[in-house]
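Here the structure is laid out as structure tokens; the discussion comes afterwards.
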Amino acid sequence: VCFIPGGLDCSISFVSHVLGKGCVHGRQKEILSVLIPCLTDLTKSDCIWQRICWRLVERVPDRWMEAVVLGFVQRAPGADVLSRLLGNLVVKNKKAQFVVTQKLLLLQFSHTTAVLQNLLGYLSLDGLRRALLIKVLQELLETWASSSAVKHSPPEQQQYISKAILICLSHLNEPEIESCRQEILTNMMEGVKCHLDSSLPQIRRLGMIVAESISLKINSDGPVLKFQYEEDDETRALKSLLVQTPPFCVVPSLPDDDRNEKADAALPSVLESNKKACTAAPVMPDEESDAELDSDDDLIPYDMSEDKELKTKAPVYIRDCIEVLMGSDDVDKWEATIKALESLVRKNPAATREVSVELAKILLHLEEKTCVEGFVELRQRAQVAVLTTDPIPVAKYLTSQFYSLNYSLCQRMDILDILVLAAQELSCPKSHGKTRHSGAQKPCTQLLPGSDSSKDWRRIVDERIKSKTRRFATGKSHVELASGPNEFSSVAGHFFFPLIQHFDRPLTTFDLLGEDHFVLGRLVHTLAILMYLAVNTVAVTAMGKALLEFVWALRFHTDSYVRQGLLSCISSVLLSIPAEHLLEDMTEELLETQSWLGGKM
Amino acid sequence: MALPPPDPEFVLRGTSAAIHTLHFSCGGQEPDVPVLFSGSENGFIHVWNLKTHRVDTALDGHGRKSVYCVETMGGKDRLLSQGRDQRICLWDLAEGRTSVTDSVFTENVGFCRCSLLKVAQGRWLMAMAAKALEEVQVLELPSKTSVCTLKPEVGAKLGMPMCLKLWQLHCGSQPLLLAGYEDGSVVLWNLSTAKALSQLVCHQEPVMSLDFDSEKAKGISGSSEKVLSIWSLNEQQNLQVCKTHKLVNAGIADITIRPDKKILATGGWDHRIRIFGWKKMKPLAVLDYHTASVHCVSFSDHKNPTERLLAAGSKDHRISIWSIYTQT
């Protein structure tokens, strides 16, 4: 395509029309993949070509402008190239401005980070356009800070907006930020609040990162906001957006020679250093071998594998443990007790049953005294052990404490976690031989005395049979799964019903239906799990009925985490309760739920 | 496949108190019986017959106050003992006697064991912690005349002397003293000038025990932390740290190097005795017999190498006797 400068107005308009029509009909890829590289090359140093390009895009009719601009933004290899190609299109053309500043940023969110970089970089590269950049930043921040947006927009969109904010911040310089500092600050405070209130950890983290970055930019010399969150690839990628790397000019022809030279220069130096390393290495072994020849080495060491650190002994009795945990000042003993507690509880079920509620109380209130590794996990495992050893009284205690005054949210959620873990343990058959209930091994065999002898005779008889019979073919061997009674069935009701009882009664420090909707969400999920684990138990129908009523009361809750929990509750109900019971006893509730779900979707 | 550590040859029981110090005297000719002296917390010094494994004599000379140092002065008939009654007693044990011939009143209430060095026939130097907090006094025995008093300079803040070792390069050369102090430093003193030749901070905690090999000019010290420090003396009489060895459990009560300078033994607060090769501090064995802190370790001075023994006295009232690495 070779144009002669001068008198080319009409031709350009025609080309613009063709371009626009082609783009709008979905042929962006084909046209622009040829056009843009050409234009990139041509406009690199030639002003006339730049103006031709600008005229080209300006003349595209409004109705096709969006498609063309979108295509350009997506395909341009960098912000500077985009700037060369589009010129001040956004300033001159209203439609283009709308597309670039509103549509691409606020209404769509499927574009890649590279596209965002292009777009915002393009806005920052010219004085006229920078005013737009500031406006864009303010609008993005308003959206970011609006609580309804945080609650109702999908996480992908929120991430997109956060990325856009970070890139904008990276492009703005000091005076520009100073001019709108106050609004940025207000928006940041509001936005942080909305984000931290959310139940989804991803949203919380996004809010934290953006707020930190904003505070870094606007308070560069004063104290900055610092949040604690786990660093991973995502956060690092987000934070890297704050730093602008200079655009690389990939010019293919020239530096090949340079690069080759540099490579050649690099090689000999590498060889040299290798040589030095080699000459250094042989010197070492000589010295060492001299030392080796001493006669000291005919003393053969003994086995020292038993040489370990000396540990303080943990108490062996449960009541001793209680004493140590309640009042002892000896930190070593306290640590040893914490570590040993779970296994002690499991080994002495009878002793634990005597003091179970007391132990549960102590563990619930136990705070970390010294820096024990995995303290939270150790405490939780001990609590689960206590609960599984003596389910009914301890469950009663824990569920009553869930609704009591003066517990922290963390403690209440701990209670829920413990109930779930214990329920899981109780409902799985005990497949190991450690705690063998007398005689309840296999309900079909007779009660045999002594555990080991029973296995032995079986083995002897099997071997005798094997040696005396001739087998023609052995069928498929199937492993007999270990079976045991489901211990959760007798206590499921005790776990479940007290938790549902008081959810609508607010206390001074704990309001499930109000501020503490995070705990409500966790409660709902816990109920769903308990319902699921209660499959095949006797109480399951009553539980199902109560749960469906509970779900019905909460079905319009504003928090999405709670609503997710409600849906999983319904799934558990449908999975656990046998079909006959569902249809017989709970027809009205089922119909109501069905209509609700149908209307919802 | 390394062998499991050996068991004790035999165990001496009967002191009914924690043992704080041990000393062998086995160099005598037949029909002299090899003997082990032990000092206990109840103030008794027991003389153990190593053939019958029984107590031959029990000496009571410190008013039931703990005896924390026992040394022989040329043979098993002359004994020196130091106790918490602030006295150092000299005993005459020849021909079945058990009498205190002389005593030195040290006026020191600490736990620092005295150190003996034979400088000439019938003449010994003894270094002991003196009355004043940071001072070490050197006496000549048996005349009990003071040779010098070693005072650290003002503001040195060394604390109490914790362990002492008198040594000389060979008979006739100048005797020197190595002292380990409460602040973790080891100081080399010149006795004739009463001046410190070199000071080396080798530990963060008090130096509990030290021993020195005058042939290699290398020494080792242990403290209440998890590290053993090995240091050496160069030509300019300066101490410098050669290396440190990290232990599994903290706390060393006693260190001793075998007279043939091949191995050394440490007794620890974690109830274990550790054997190392002296040349390169190679860990050789961990002897785990005692049920309470080991307070003292001592090698025997048998003329026949295969009969050599190691004794360890502990807070659990037992003395364990080991025969280890006797082939070299």
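The values are calculated or read from the model by the stated rules, or taken from the named source; none is laboratory data. In this text the structure is predicted, and so the values were computed from the model without any measurement. Ideal geometry is used to build each Cβ from the backbone, glycine not excepted, and the neighbour counts take in all protein chains shown. Heavy atoms of the whole protein, side chains included, go into the accessibility calculation; ligands, DNA and RNA do not. Shrake-Rupley method; radii C 1.70, N 1.55, O 1.52, S 1.80 Å.
Identify, by number, the condition in (1) touching a Ser or Thr at 6+ places or on another chain (Cβ under 7 Å); (2) within 13 Å of another protein chain (Cβ to nearest Cβ) that residue B:286 doesn't meet.
(1)
Taking the criterion of being among the small types (Gly, Ala, Ser), under 24 Å from residue A:236 (Cα atoms) and outside the structural domain of residue A:54 (by the TED database), would at least one residue in the stretch A:74-87 satisfy it? Outline the logic, then answer.
Just the residues of the stretch A:74-87 that are among the small types (Gly, Ala, Ser), to begin with: A:76, A:78-79, A:83, A:87.
Of the ones still in play, those that are also under 24 Å from residue A:236 (Cα atoms) are A:78-79.
Next, only the ones that are outside the structural domain of residue A:54 (by the TED database) stay: none.
No - not one qualifying residue is present in the stretch A:74-87.
Would you pick out the residues in the stretch B:273-305 that are of a type in the set (Gly, Ala, Ser) and modelled with pLDDT under 90? I'd like the intermediate steps shown before the answer.
Within the stretch B:273-305, the first condition is being of a type in the set (Gly, Ala, Ser), and the residues that meet it are B:277, B:285, B:292-293, B:298, B:300.
B:292 - this is the single residue of the stretch B:273-305 that is of a type in the set (Gly, Ala, Ser) and modelled with pLDDT under 90.
Take residue A:528 and tell me if it is under 29 Å from residue A:155 (Cβ atoms) and open to solvent by less than 10 Å² (accessible area, probe 1.4 Å). Don't jump to the end; show me each part of the working.
Details: under 29 Å from residue A:155 (Cβ atoms): yes; open to solvent by less than 10 Å² (accessible area, probe 1.4 Å): yes.
Answer is yes for this residue.
I need the strands (runs of 3 or more DSSP E) fully contained in the stretch B:1-55, keeping only those with at least 1 residues that are without any contact (Cβ under 8 Å) to a residue 60 or more places away in the chain, closer than 17 Å to residue B:308 by Cβ and away from chain A (no Cβ under 14 Å). Let's see the steps before the verdict.
Numbers: elements: B:10-12, B:19-25, B:35-40, B:44-49.
Correct list: B:35-40.
Identify all residues within the stretch A:545-557 that are open to solvent by less than 50 Å² (accessible area, probe 1.4 Å), small (Gly, Ala, Ser) and under 31 Å from the mean Cα position of the chain (by Cα); write none if there are none.
Those that are open to solvent by less than 50 Å² (accessible area, probe 1.4 Å), small (Gly, Ala, Ser) and under 31 Å from the mean Cα position of the chain (by Cα): none in the stretch A:545-557.
Of all residues in the stretch A:558-586 being at pLDDT below 85 and among the polar types (S, T, N, Q), which is most open to solvent (accessible area, probe 1.4 Å)?
A:558
May I ask you to say which residue of A:83, A:33, A:45 is outside any helix (DSSP H, G or I) and either small (Gly, Ala, Ser) or more than 23 Å from residue A:139 (Cα to Cα) (or both)? Spell out how you get there, then give the answer.
On the way: A:83 fails: outside any helix (DSSP H, G or I); A:33 fails: outside any helix (DSSP H, G or I).
None of the other options fit; the residue is A:45.
Return the residues of the stretch A:292-319 that are more than 14 Å from every other protein chain (Cβ to nearest Cβ), at pLDDT below 85 and open to solvent by less than 80 Å² (accessible area, probe 1.4 Å); say none if nothing qualifies. It would help to see each step written out before you state the result.
At the first step, the residues of the stretch A:292-319 found to be more than 14 Å from every other protein chain (Cβ to nearest Cβ) are A:314-319.
With the extra rule that they be at pLDDT below 85, the set shrinks to A:314-316.
Matches in the stretch A:292-319: A:314, A:315.
Just give me the residues in the stretch B:45-63 being open to solvent by 20 Å² or more (accessible area, probe 1.4 Å) and either of a type in the set (Gly, Ala, Ser) or closer than 19 Å to residue B:110 by Cβ (or both), in sequence order.
B:58, B:63
So if I check each of B:293, B:223, which one is within 20 Å of the chain's Cα centre (by Cα) and either away from chain A (no Cβ under 11 Å) or over 15 Å from residue B:315 (Cα atoms) (or both)? Even if it seems obvious, please write down each step before you answer.
Numbers: B:293 fails: either away from chain A (no Cβ under 11 Å) or over 15 Å from residue B:315 (Cα atoms) (or both).
Exactly one of B:293, B:223 is within 20 Å of the chain's Cα centre (by Cα) and either away from chain A (no Cβ under 11 Å) or over 15 Å from residue B:315 (Cα atoms) (or both), namely B:223.
Every residue, every condition in (1) of a type in the set (Val, Ile, Thr); (2) open to solvent by 10 Å² or more (accessible area, probe 1.4 Å); (3) touching a His at 6+ places or on another chain (Cβ under 8 Å); (4) closer than 16 Å to residue B:219 by Cβ, yes or no:
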position	(1), (2), (3), (4)
B:244	yes, yes, no, yes
B:272	no, yes, yes, no
B:276	no, no, yes, yes
B:292	no, yes, yes, no
B:307	no, yes, no, no
B:313	no, no, yes, no
B:318	no, yes, yes, no
B:322	no, no, no, no
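Quick one: is residue B:253 buried (at least 21 other Cβ atoms within 10 Å of the Cβ) and either in contact with a Cys (Cβ under 8 Å, 6 or more places away or on another chain) or not charged (D, E, K, R) (or both)? Break it down into steps so the answer makes sense when it comes.
Numbers: buried (at least 21 other Cβ atoms within 10 Å of the Cβ): yes; either in contact with a Cys (Cβ under 8 Å, 6 or more places away or on another chain) or not charged (D, E, K, R) (or both): yes.
In short, yes.
If you scan the stretch B:195-206, which residues turn out to be closer than 12 Å to residue B:176 by Cβ and either open to solvent by less than 80 Å² (accessible area, probe 1.4 Å) or acidic (Asp, Glu) (or both)?
If the condition is that a residue be closer than 12 Å to residue B:176 by Cβ and either open to solvent by less than 80 Å² (accessible area, probe 1.4 Å) or acidic (Asp, Glu) (or both), then B:196, B:197, B:198 are the ones that fit.
I need every pair where a residue in the stretch B:119-145 that is closer than 18 Å to residue B:167 by Cα has its Cβ under 9 Å from the Cβ of a residue that is among the β-branched types (Val, Ile, Thr) and in a loop (DSSP other than H, G, I, E, B), sequence separation at least 6 or different chains.
B:128/B:106; B:129/B:106; B:137/B:106
Could we say that residue B:256 is more than 9 Å from chain A (Cβ to nearest Cβ), outside any loop (DSSP other than H, G, I, E, B) and polar (S, T, N, Q) here?
Numbers: more than 9 Å from chain A (Cβ to nearest Cβ): yes; outside any loop (DSSP other than H, G, I, E, B): yes; polar (S, T, N, Q): yes.
Considered against the rule, which asks whether it is more than 9 Å from chain A (Cβ to nearest Cβ), outside any loop (DSSP other than H, G, I, E, B) and polar (S, T, N, Q), residue B:256 comes out as yes.
Would you call residue B:232 away from chain A (no Cβ under 14 Å), touching a His at 6+ places or on another chain (Cβ under 8 Å) and part of a strand (DSSP E or B)? Give the derivation first.
Numbers: away from chain A (no Cβ under 14 Å): yes; touching a His at 6+ places or on another chain (Cβ under 8 Å): no; part of a strand (DSSP E or B): yes.
Answer is no for this residue.
Identify, please: which residue in the stretch B:89-142 is in contact with a Cys (Cβ under 7 Å, 6 or more places away or on another chain) and open to solvent by 10 Å² or more (accessible area, probe 1.4 Å) and is, among those, nearest to residue B:185 (Cα to Cα)? Reasoning before the result, please.
Just the residues of the stretch B:89-142 that are in contact with a Cys (Cβ under 7 Å, 6 or more places away or on another chain), to begin with: B:100, B:103, B:112-114, B:126-129, B:138.
Within this subset, residues satisfying the condition of being open to solvent by 10 Å² or more (accessible area, probe 1.4 Å) are B:100, B:103, B:113.
On the way: B:100: 36, B:103: 31, B:113: 17 Å.
Result: B:113.
Of these, B:266, B:326, which one is touching a residue at least 40 places away in the same chain (Cβ under 8 Å), open to solvent by less than 50 Å² (accessible area, probe 1.4 Å) and not aromatic (Phe, Trp, Tyr)?
Unique residue meeting the criteria: B:266.
Find all pairs meeting these conditions: Cβ atoms under 9 angstrom apart; at least six residues apart or on different chains; first residue within the stretch A:164-179 and within 13 Å of residue A:123 (Cα to Cα); second residue among the basic types (Lys, Arg).
Correct list of pairs: A:169/A:217; A:170/A:217; A:171/A:130; A:172/A:130; A:172/A:217.
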